[in-house]
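The values are calculated or read from the model by the stated rules, or taken from the named source; none is laboratory data. Not measured: the values here are computed from a predicted model. Here the Cβ is made from the backbone with ideal geometry for all residues, glycine too, and neighbour counts use every protein chain on show. To get the accessible areas, we keep the full protein, side chains included, count just its heavy atoms, and leave off ligands, DNA and RNA. Shrake-Rupley method; radii C 1.70, N 1.55, O 1.52, S 1.80 Å.
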Amino acid sequence: MHVMRTSSSQFAPVTRSTIKFLICGLLLLPLPGSAQTPRKTAPVKPRTYPKNTPSKPKASPEADWTKDLDKFPGLLPEFGKLAVRLAGEVHAPPARTQSKLMDLVPGNTVGFMAIPNYGDAAQQALRIFREQREQSPVLRDWWQHGAVATEGPKFEQSLEKFIRLASYLGDEVIFSFSMDGKGSDGDFLLMSEVKNPGLKSYLEQFAKDVADPGEKIWVILDSQQLASAKDAAKGTPYILSRPDLIVMSSSLSALRALDAKIGHGEPRARTAFTDRVAQAYQNGAGVIVAIDAEKILSSGAIGTASNPAQKSLLENSGLLALQYLVMEHKNVVGQPASQMEVHFSRQRQGVASWLAPSAPLGALDFFSSDATTAMDLLLKNPGEIFSDILNFASATNPASTAGLGQMEQSLDIDLKRDLLSKLSGEVAYEIEVPREEGGMPIWRVALRVNDVDGLQETLGKLMKTTHVEATRYEDSGFPLHRLDVPNGPRSVEIHYGFVDGYLLVAPSRTALTQSIKMHRSGQSLAKSAKFRDSVPAGHSTDASGFTYQNTASFLAPLMKQLAPDVAAGFPQFASSMSPSISWFYGDATSIRQASNSSAADAGMILVVAAVAIPNLLRSRIAANEAAAAASLRTINTAQVTYSVVYPNKGYARSLAVMGPGTGDCAEAAVTAQHACLLDGTLGAPSCSGDEWCVKGGYRYLVRSTCSAKTCDKYVAWATP
């Protein structure tokens, strides 16, 4: 007997998450757990099970979402319309220029997060989804009868509850975490202003609805009850409900201190950390996340006090001087803006100093404006970085650099003096996905050089030592070189040349000469409008680093390979996607990151990938299914053969019994315990009992019904 299940189930989680993203838009909402539906098994060759057939093994239940794509034609274009409406019509909460809650944060706070009230945005997203569902028979039919039919309404109800809760709250919700300075567990505060009455009653009713009988999910107190309250069960949070404020905490004492502070009108606790957080509100705040690294490090919470070696390592790396980290995301004139600051209490040292101060990023002038992804970093002199690495390695393991001298001697060079110190520290790369179907990706590397003649001499010495010969040629007015690097039975071409102080490396002559032409003609990424427009407000193109991801360029070749009816719903995605760009700026005591890119692009990638990948790999899935059916026939044949060769045993008890065991299948090694009727993958030694064998994307298992001596029945399964 044999049974096989077939499905492209490996894509189900991606599709489900994508659908939730479409419904939520850009909201930072917790998504409820997903109830999954077990799939029915489909026999390859239907057979009747004899009585007393062994019970089927339990398989992981998974919802086969991809079947809905065939069951509901036109569903994908409807998802596309919905995604575009959510991205264009759901408005983020306005930036906040002040915060009353910030004044209530304790002075010993080490962690802080402020999130705007997303209630209105959630309501907009829900309204848009319901409108699209009513206007689209396909979307409505899928919602009522598709794989989402059970889970969808529950999620919709959860979103409604979130919207109602948000209607009671003020403009923001703040979370703070404090420490006592001794590294012990601290207290948290979760608070928001109260905008409308009735919140306490709502929370009490909510607790009754979700809690088991006699269980308390929280204890709600007013100011009077708080004064005389006693500790509840460990782990049960407390909620202080005031007419103007709602606060949750793990500690009664923290709530009492906060309540007293409000009553006495005490001013905000002033520390360098809280001042920096307050500064984030001055230019308009969206989401703020901040960590007081200095206080955490000094408290000994990470073991530096009791572990001198760890403290020494952090000190040498420069990370012990961390003061605070602040991350912000907001919308400025309708455009997203993100920034992060890592601040140090003194001048950056060690690893923290590797990112060089801001300067012109010249390597980008050799890259294409059609680049799919690119990065340019300014580092301090690589020779100095090499010395830092050796110092760190020696501090942790004195023997770790023992072989360095021998390697340098065999190459006849000094790595730091002859190679790394010849480079200035600017390191950049580009990858360009071709627009033509079937084309190979193009990559380019650019390194700024401060001693061209010295580096050329070192490269010549290395090639001579390693017996690699470079072919020299002229193109675009520069002497260029081709290397044929052995790579198995074939060799790989690498082309390089020195151009205007940069070492350029590419996989072909065409890619290298194109890089030079872009540099000369002014048609490079650095000269493009999208590069200039990506500079964050108040910043410059002089930077310490730059990362670039052109989502539309990445998706273009995938879109061409989709079936026409599938691809029809997604061309608007590519046209609306802006490149994801981040800028990095370093100075003596801080590193800052800034970006104008939208977080929505990541969601769009998921949307398209969830559609493109299953379609592109459908042929592979079909091949795996065919191979699984063939493997089951092989197992069936092996079982029949085993019962004939070993009639006193009957059928084999497991796949491992029919496999080769740990040895080979020489005639002397073939036994009833390892019959060599299956290969070492399908009949691996570990595949006994309830253990599955894995081959070609499927899992296989055999179970037999046996008496004391023989097995007269068996069943074999193959499942994705």
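Test residue 377 against the stated conditions and say whether it is surrounded by 18 or more Cβ atoms within 10 Å (Cβ to Cβ), within 33 Å of the chain's Cα centre (by Cα) and modelled with pLDDT of 85 or more. Even if it seems obvious, please write down each step before you answer.
Values: surrounded by 18 or more Cβ atoms within 10 Å (Cβ to Cβ): yes; within 33 Å of the chain's Cα centre (by Cα): yes; modelled with pLDDT of 85 or more: yes.
Spelling it out, residue 377 is indeed surrounded by 18 or more Cβ atoms within 10 Å (Cβ to Cβ), within 33 Å of the chain's Cα centre (by Cα) and modelled with pLDDT of 85 or more.
Taking the stretch 222-262, which residues are of a type in the set (Gly, Ala, Ser), open to solvent by 50 Å² or more (accessible area, probe 1.4 Å) and either touching a His at 6+ places or on another chain (Cβ under 6 Å) or part of a loop (DSSP other than H, G, I, E, B) (or both)? Within the stretch 222-262, 233, 235, 250 meet the criteria. Residues in the stretch 107-149 that are under 13 Å from residue 91 (Cβ atoms) and in a helix (DSSP H, G or I): 119, 120, 121, 122, 123, 124, 125, 127, 128.
Among the residues of the stretch 317-352, those that are touching a Gly at 6+ places or on another chain (Cβ under 6 Å) and either assigned to a helix (DSSP H, G or I) or under 16 Å from residue 289 (Cβ atoms) (or both) comprise 317, 329, 330, 350, 351, 352.
I'd like to know if the stretch 700-711 contains one or more residues that are free of Cβ contacts under 8 Å to residues at least 40 places away in the same chain and open to solvent by 50 Å² or more (accessible area, probe 1.4 Å). Yes.
Taking the criterion of being part of a loop (DSSP other than H, G, I, E, B) and either modelled with pLDDT under 90 or under 32 Å from the mean Cα position of the chain (by Cα) (or both), the residues of the stretch 160-198 that qualify are 179, 180, 181, 182, 183, 184, 185, 186.
Total residues in the stretch 358-404 satisfying the condition of being assigned to a loop (DSSP other than H, G, I, E, B) and closer than 26 Å to residue 430 by Cβ: the figure is 10. Contact map, the stretch 261-289: first residue free of Cβ contacts under 8 Å to residues at least 12 places away in the same chain, second residue part of a helix (DSSP H, G or I) and open to solvent by 50 Å² or more (accessible area, probe 1.4 Å), Cβ cut-off under 9 Å, separation 6 or more or different chains; pairs are 266/103. Taken as a whole, the stretch 129-147 holds at least one residue that is touching a residue at least 60 places away in the same chain (Cβ under 8 Å), open to solvent by less than 50 Å² (accessible area, probe 1.4 Å) and under 29 Å from residue 190 (Cβ atoms).
Considering the stretch 524-541, the residues that are exposed (fewer than 15 other Cβ atoms within 10 Å of the Cβ) and among the basic types (Lys, Arg) include one that is modelled with the highest pLDDT, namely 532. Only residues that are at pLDDT below 90 and open to solvent by 20 Å² or more (accessible area, probe 1.4 Å) were counted in the stretch 346-374, giving 4. Of the residues making up the stretch 647-667, those that are of a type in the set (Gly, Ala, Ser), without any contact (Cβ under 8 Å) to a residue 60 or more places away in the chain and not in a loop (DSSP other than H, G, I, E, B) number 1.
Evaluate the following for residue 686: is it in contact with a Phe, Trp or Tyr (Cβ under 6 Å, 6 or more places away or on another chain) and at pLDDT 85 or above? Spelling it out, it is not the case that residue 686 is in contact with a Phe, Trp or Tyr (Cβ under 6 Å, 6 or more places away or on another chain) and at pLDDT 85 or above.
Go through the stretch 95-115 and report how many residues are open to solvent by 10 Å² or more (accessible area, probe 1.4 Å) and either touching a Lys or Arg at 6+ places or on another chain (Cβ under 6 Å) or farther than 15 Å from residue 178 by Cα (or both). Result for the stretch 95-115: 8.
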